[in-house]
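Asks: First, the structure itself, so that you have it in front of you.
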Amino acid sequence: MSANSTRRLRIRHTTHVSYAQAAVSSHNEVRMTPLTLPGQTTLDARVTIRPAATTWSYWDYWGTQVTAFELMDPHADLTITASSLVETSPPADLPASPAWAEITERTAASRLLEFAGPTVRTTVPPKLVKKARKAAAGLDPHETVVAVSSLVADRVSYLPGVTGVNTSAAEAWEQGAGVCQDIAHVTIALLRGLGLPTRYVSGYLHPEREAELHRPVAGQSHAWVEYWAGDWHGYDPTNRTRADESHVVVGRGRDYDDVTPHKGIYRGVAGGPPEVTVEFTRVA
């Protein structure tokens with residue numbers, strides 16, 4: 001792969017939480033550090049906390065890097081800033097897919113089974129799986145992913161604000177609208193229903209493919225899927241495209257619950273929802 005096909009992205013993900021009254025204490029987990037993978041190298045990554053707190057890091061069961069910290073003194077607000085510099089490359093051409101029977105056999109005898117069954121977020125009525133099976137009749141696994149993703153994107157329009165973080169795949173389908181998280185959950189539900197191991201991917205998508213160098217661009221975190229057909233392959237059903245050098249992987253799991261960017265508990269009076277901003281700068 002030629003050097004000029006790569007891109008280097010600086011990402012700044014800020015989460016600000018304000019409490020109605022000062023929180024007595026809080027315990028937090030952050031999953032905002034991009035992974036180093038084939039086609040993606042994290043050159044620098046750091047998480048800073050205000051008020052200042054001691055952090056420690058570990059890898060969770062799903063292979064995501066977690067930054068944990070706790071604040072034991074009263075604090076009126078909390079700001080988490082995750083900064084990273086990531087180099088990405090276009091994906092290789094898709095190899096020929098194994099037969100469906102081979103995928104079934106491999107799934108039953110390995111950890112792929114963890115990505116083959118429904119979760120609370122990825123359960124849909126049998127009639128929807130039947131609809132997906134009809135759309136994918138006669139197709140190989142790669143073609144099935146494209147067909148099912150199109151089926152979902154045709155039904156579930158991208159419309160922020162109509163769903164929440166707890167919306168299920170069935171609810172998003174019924175509403176006919178949602179965000180990337182919802183579209184990913186519905187796609188996962190249907191692909192698993194057809195016998196294809198599929199996992200949820202949390203990360204970032206640069207909003208401008210041909211972004212000007214060194215110009216900051218506002219964006220947001222993103223979600224897509226990876227399916228197993230001899231190896232794991234990424235596909236973005238919201239944008240109807242393969243995951244490519246504009247996508248940055250932070251974590252993978254069965255659904256959103258396994259890779260929530262910020263998860264925590266605190267003692268105090270409930271406040272409003274967190275304010276989240278993501279800024280991208282293409283530096284090479």
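The values are calculated or read from the model by the stated rules, or taken from the named source; none is laboratory data. In this text, all values refer to a predicted model and were calculated from it rather than measured experimentally. Quick reminder, even Gly has a Cβ in these numbers, built from the backbone with ideal geometry, and neighbours come from all protein chains shown. For the accessible areas, the whole protein counts, side chains as well, though only heavy atoms, and no ligand, DNA or RNA atoms are used. Shrake-Rupley method; radii C 1.70, N 1.55, O 1.52, S 1.80 Å.
Asks: Compute the helix-to-body angle for 126-135: its Cα long axis versus the longest principal axis of the chain, expressed 0 to 90° and rounded to tens.
Replies: Orientation of helix 126-135: about 60 degrees from the principal axis.
Asks: Assigning unit charges at the beta carbon (Lys, Arg +1; Asp, Glu -1) and nothing else, what dipole magnitude in debye, to the nearest 20, does the chain show about its Cα centre?
Replies: Result for the chain is approximately 300 debye, rounded to the nearest 20.
Asks: Relative to the longest principal Cα axis of the chain, at what angle does helix 180-193 sit, 0 to 90 degrees, rounded to 10?
Replies: Approximately 40 degrees, to the nearest ten.
Asks: Starting from the Cα of residue 231, step 7 Å along the direction of its Cβ; do the same at residue 92; then give the gap between the two resulting points in nm.
Replies: 0.3 nm
Asks: Return a whole-number percent for the relative contact order of the chain, with Cα pairs under 8 Å and 6 or more residues apart as the contact set.
Replies: 30 percent
Asks: Just to be sure I understand, if you calculate Cα extents along the principal axes in Å for this structure, which of (i) 68, 49, 33; (ii) 47, 42, 38; (iii) 60, 45, 36 do you get?
Replies: Read-out from the structure maps to (iii).
Asks: Residue 51: net charge of surrounding residues, Cβ under 14 Å, Lys/Arg +1, Asp/Glu -1, itself excluded?
Replies: Local charge sum for residue 51: -2.
Asks: Using a 1.4 Å probe on the protein heavy atoms, what percent of the accessible area of region 16-119 belongs to carbon and sulfur?
Replies: 56 percent
Asks: Taking +1 at the Cβ of each Lys and Arg and -1 at the Cβ of each Asp and Glu, which of 124, 259, 269 sits farthest along the dipole of the chain towards its positive end, judged by Cα position relative to the Cα centre?
Replies: 124
Asks: On to the next question. Percent of accessible area on region 174-284 owned by carbon and sulfur, 1.4 Å probe?
Replies: Ligands and nucleic acids excluded, carbon and sulfur reach 47 percent.
Asks: So, one more: Put a dot 7 Å past each Cα toward the Cβ at residue 48 and residue 61; how far apart are the dots in nm?
Replies: With each label placed 7 Å out from Cα toward Cβ, I get 3.5 nm.
Asks: Now a separate question. Using a 1.4 angstrom probe and counting only protein chains, how large is the accessible area of residue 49 in Å², to 10?
Replies: Surface accessible to solvent at residue 49 totals approximately 10 Å².
Asks: Another question, if that's okay. Keeping all protein chains in place, calculate the accessible area per residue for the chain (probe 1.4 angstrom), answer in Å².
Replies: 48 Å²
Asks: What Kirkwood radius, in Å to one decimal, follows from the Cα pairs of region 1-113?
Replies: In region 1-113 this quantity evaluates to 17.4 Å.
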